[in-house]
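The values are calculated or read from the model by the stated rules, or taken from the named source; none is laboratory data. It should be emphasised that the depicted structure is a prediction, and the values quoted were computed from it without experimental measurement. Positions of Cβ are backbone-derived with ideal geometry, glycine not excepted, and every protein chain shown enters the neighbour counts.
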Amino acid sequence: MMVPLAQVQIRDRSKLDCVQQNGFCPDWIRDHVGDYLDPLWRHLELTLVSVALGFAIAFWLAIVAHRRRWLTGPILGVTGILYTIPSLAAFAILIPLTGFGFVTAVIPLTAYTLLILFRNITTGLRNVPAEARDAARGMGLTEQQLLWKVELPLALPEMFAGLRVATTTTVGLAALAFYAGAGGLGQQILTDIRFKSNVALAGALCVLLAFALDVLLLLAERMALPWRRARA
């Protein structure tokens, strides 16, 4: 009876030592990984909502700029200014207006995606070969049909590239959303930023989330571009 008790006491004491010494504790990570699921879900929600809203706005702006080329410069200038605003400063400006919460975090995160997405969409549209446009017009396509049936499909590679960059960037920026009261994995890091295992687990989940979303977008790109698969 005494030997098992001694073994249990030694094992428990070693776990305490690992935590008390601020070490990297695999046992602690295994036992507490469930505590990070809700913050991970909120982090994913912040990312997806921000990128979706950013893409919708950037897509509309890119279509307008594609028809009126002179608008490209001003739109790039405005989105560039938004991109350079520090996130903490943006949160500080918005909190008196929208309060702490999800909306206050999503507004700056959405704004940061606009420059990347707008630039990639307009680049993709302008890189459509002139021969493809001439052939489409020769077949009797209207300008609206030319846009939706020729130009946008051929611009998909650049559009997906912009989506991938914007998504992975937003995953990283969303770690600061806890300053706006929106939670996420950044909130979990702040709970005990001096504990290595806590920071390592939350940081690893951020990296894995960015990697998983990037892989999903890459798979979606391959499915949306069947001619590339045939060429390969």
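Can you find a residue in the stretch 99-108 that is in contact with a Phe, Trp or Tyr (Cβ under 9 Å, 6 or more places away or on another chain), closer than 23 Å to F211 by Cα and assigned to a helix (DSSP H, G or I)? Checking the stretch 99-108: at least one residue is in contact with a Phe, Trp or Tyr (Cβ under 9 Å, 6 or more places away or on another chain), closer than 23 Å to F211 by Cα and assigned to a helix (DSSP H, G or I).
Being under 27 Å from N198 (Cβ atoms), touching a helix residue (DSSP H, G or I) at 6+ places or on another chain (Cβ under 8 Å) and modelled with pLDDT of 90 or more is a property that T104 has. A search for C-beta distances below 6 Å between a residue of the stretch 105-124 that is in contact (Cβ under 8 Å) with a residue 40 or more places away in the chain and any residue that is surrounded by 23 or more Cβ atoms within 10 Å (Cβ to Cβ) and outside any helix (DSSP H, G or I), counting only pairs 6+ apart in sequence or on different chains, returns A105/A182.
Report whether or not F91 is out of contact with any Lys or Arg (no Cβ under 6 Å at 6 or more places or on another chain), farther than 30 Å from E151 by Cβ, part of a helix (DSSP H, G or I) and at pLDDT 90 or above. First the steps, then the outcome.
Working: out of contact with any Lys or Arg (no Cβ under 6 Å at 6 or more places or on another chain): yes; farther than 30 Å from E151 by Cβ: yes; part of a helix (DSSP H, G or I): yes; at pLDDT 90 or above: yes.
The answer is yes for F91.
The residues listed here are A89, A111; of these, the one that is touching a Leu at 6+ places or on another chain (Cβ under 6 Å) and not basic (K, R) is A111. The numbered conditions (1) assigned to a helix (DSSP H, G or I); (2) touching a residue at least 60 places away in the same chain (Cβ under 8 Å) are all true for G80 except (2).
Sort out which residues of the stretch 185-216 are in contact with a Leu (Cβ under 7 Å, 6 or more places away or on another chain), hydrophobic (A, V, I, L, M, F, W, C) and modelled with pLDDT under 95, and write them in order of number. Selection gives L185, A202, L205, C206. Scanning the stretch 20-42 turns up at least one residue that is at pLDDT below 95, at positive phi and surrounded by 12 or more Cβ atoms within 10 Å (Cβ to Cβ).
Is it the case that some residue within the stretch 204-215 is more than 16 Å from the chain's Cα centre (by Cα), in contact (Cβ under 8 Å) with a residue 60 or more places away in the chain and more than 18 Å from D38 (Cβ to Cβ)? No, there is no match, as no residue in the stretch 204-215 is more than 16 Å from the chain's Cα centre (by Cα), in contact (Cβ under 8 Å) with a residue 60 or more places away in the chain and more than 18 Å from D38 (Cβ to Cβ). Tell me, yes or no, whether the stretch 67-87 has at least one residue that is among the aliphatic types (A, V, I, L, M), touching a Pro at 6+ places or on another chain (Cβ under 9 Å) and either at pLDDT 85 or above or at positive phi (or both). Yes.
Of the residues L173, L190, L156, the single one that is touching a residue at least 12 places away in the same chain (Cβ under 8 Å), touching a Ser or Thr at 6+ places or on another chain (Cβ under 9 Å) and surrounded by fewer than 23 Cβ atoms within 10 Å (Cβ to Cβ) is L173. Looking only at the stretch 174-194, residues that are under 17 Å from the mean Cα position of the chain (by Cα) and closer than 19 Å to T98 by Cα come to 7 in all.
So, A161, is that one within 17 Å of the chain's Cα centre (by Cα) and either modelled with pLDDT of 90 or more or surrounded by fewer than 17 Cβ atoms within 10 Å (Cβ to Cβ) (or both) or not? So A161 fits the description; yes.
For (1) outside any helix (DSSP H, G or I); (2) among the polar types (S, T, N, Q), each residue gets a yes or a no:
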residue: E131; (1), (2): no, no
residue: P153; (1), (2): no, no
residue: T167; (1), (2): no, yes
residue: R194; (1), (2): yes, no
residue: G203; (1), (2): no, no
